[in-house]
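Colleague: My structure is below; once you've seen it, I'll send some questions.
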Amino acid sequence: MTVSIETPPASRRTAGLDPEELAGLRTVPARHPWRWAAGLAALVVLVQFAHGLATNPGWDWPTFQRYFTADTILQAIGRTLELTAYGTVLGFALGAVVAAMRLSRSVILQTIAWAYVWVFRSIPLIVQLVFWFNLSYLYKRFGFGIPFGPTFGEFETLGVLGALGAAVIGLGLHQAAFAAEIIRGGIIAVEGGQREAAAALGIPRLRQAWRIVLPQAMRGILPSAANEVISLLKGTSVVYVMAIGELFYQAQVIYGRTGRVVPLLMVATVWYVVLTTVLSIGQYYVERYFARGASRTPPPTPLQRLRAFVRSLPTRTPTTRTTGGRP
């Protein structure tokens, strides 16, 4: 039985040509008219939107400039960053514990961790915040002592758990449910043979987790974890229901007093964009750090590319003029 392979038309046309004749052929780039048309249409829409931002008096840019760096706005940004930091630390610390419980061989710990994730991912964040803010309605006093036995000390809930404390607890517990699944997903993504090889070498389990599993899991954890931190930064705007002076609440207070709604919303919007951009830059460099084990020569950073481009520019060497035989 003979098998015949049909030569493609383009190859058939050039099959009998000499290398010199092939070198003389003119290369015609592929044309993509619809791609250019779509790009041009998108550019027109973008230019039109920018023109509206510059010419529409409803944006009220003088008011935006007036309040963009106002003291109340800067203080509100500090409170927003404070809530984000507290919620991130509490959320990922508790999330690591919940993830370890879900990966445990204990059925009781697995069930408790699964129920925690299920409950706190099901309830909206604003509902959780309002609940924690009104916790003193359910529990007037808290005490510590022997379970179901005598109490050694008590304190009033209302005097300890204020608006800021309730916001931190609500944000942290909500964040922990998502952080637990992110951490668990990163750990189970590491190949099981890594742990088996480490166990065969006699490496202790704690050292296995810290030096072998975690560095590899971080490459899968970091993108989703950074996304959650950015979501938490924007989610702090929900605490306005508790009258905490974060960024969105202060913008509301100012435009409620002045009536300038759109420029104050733009103040909050631009600051959120700036803060998330800073977090995204930090995420890029942290991911680059943990990618060293997978890539020995990581691609250059944007700053390194800029430096290389500047160095590649032609430089003019100074020329000396000679007059009368003297330099």
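The values are calculated or read from the model by the stated rules, or taken from the named source; none is laboratory data. No experiment lies behind these values; they were computed from the predicted model shown. Methodologically, a virtual Cβ is constructed for each residue, glycine included, from the backbone with ideal geometry; neighbour enumeration extends over all protein chains shown. All accessible areas refer to the heavy atoms of the entire protein, side chains included, with ligands and DNA or RNA removed. Shrake-Rupley method; radii C 1.70, N 1.55, O 1.52, S 1.80 Å.
Colleague: Based on the Cβ-Cβ distance from Ser122 to Ala199, what FRET efficiency comes out when R0 is 30 Å, to the nearest 0.05?
Modeller: In this case the efficiency is close to 0.20.
Colleague: Using Cα-only point scatterers and the Debye equation, what is log10 of I(q)/I(0) for segment 60-116 at each q in 0.14, 0.19 Å⁻¹, rounded to two decimals?
Modeller: For the requested q values the scattering log ratios are -0.57, -0.73.
Colleague: Now, a different point. Label points 7 Å out from Cα along the Cβ direction at Leu279 and Ala93: separation in nm?
Modeller: Label at Leu279, label at Ala93, 1.9 nm between them.
Colleague: What are the ³J(HN,Hα) couplings of segment 163-168, residue after residue, when phi is run through the Karplus curve with 6.51, -1.76, 1.60 and θ = phi - 60°? Round to Hz, x for glycine and proline.
Modeller: 3J(HN,Hα) across segment 163-168, in whole Hz: 5, 5, x, 5, 5, 5.
Colleague: Another question, if that's okay. Pop the C-beta distance of Gln48 and Val270 into the FRET formula with R0 = 30 Å and round what comes out to the nearest 0.05.
Modeller: Plugging the Cβ-Cβ distance into 1/(1 + (r/R0)^6) gives 0.90.
Colleague: Over the Cα atoms, compute the radius of gyration (one decimal) and Dmax (the largest Cα-Cα distance, rounded to a whole number) for segment 185-319, in Å.
Modeller: Cα-based Rg and Dmax for segment 185-319 come out at 23.4, 71 Å.
Colleague: Using 7 Å Cα-to-Cβ label points, what is the Ser106/Arg35 separation (nm, one decimal)?
Modeller: Distance between the two pseudo-spin positions: 5.8 nm.
Colleague: Where Lys and Arg each count +1 and Asp and Glu each count -1, what net charge lies around Ile281 among other residues with Cβ under 12 Å from its Cβ?
Modeller: 0
Colleague: In nm, to one decimal, how far is the Leu138 label point from the Val262 one, both placed 7 Å along Cα→Cβ?
Modeller: 4.4
Colleague: Name the residues whose placed amide hydrogens come within less than 5 Å of the amide hydrogen of Arg141, ignoring near sequence neighbours (fewer than 5 apart) on the same chain.
Modeller: Thr157
Colleague: Leaving out ligands and nucleic acids, and using a 1.4 Å probe, what accessible area per residue does segment 47-189 come to in Å²?
Modeller: Result: 61 Å² per residue.
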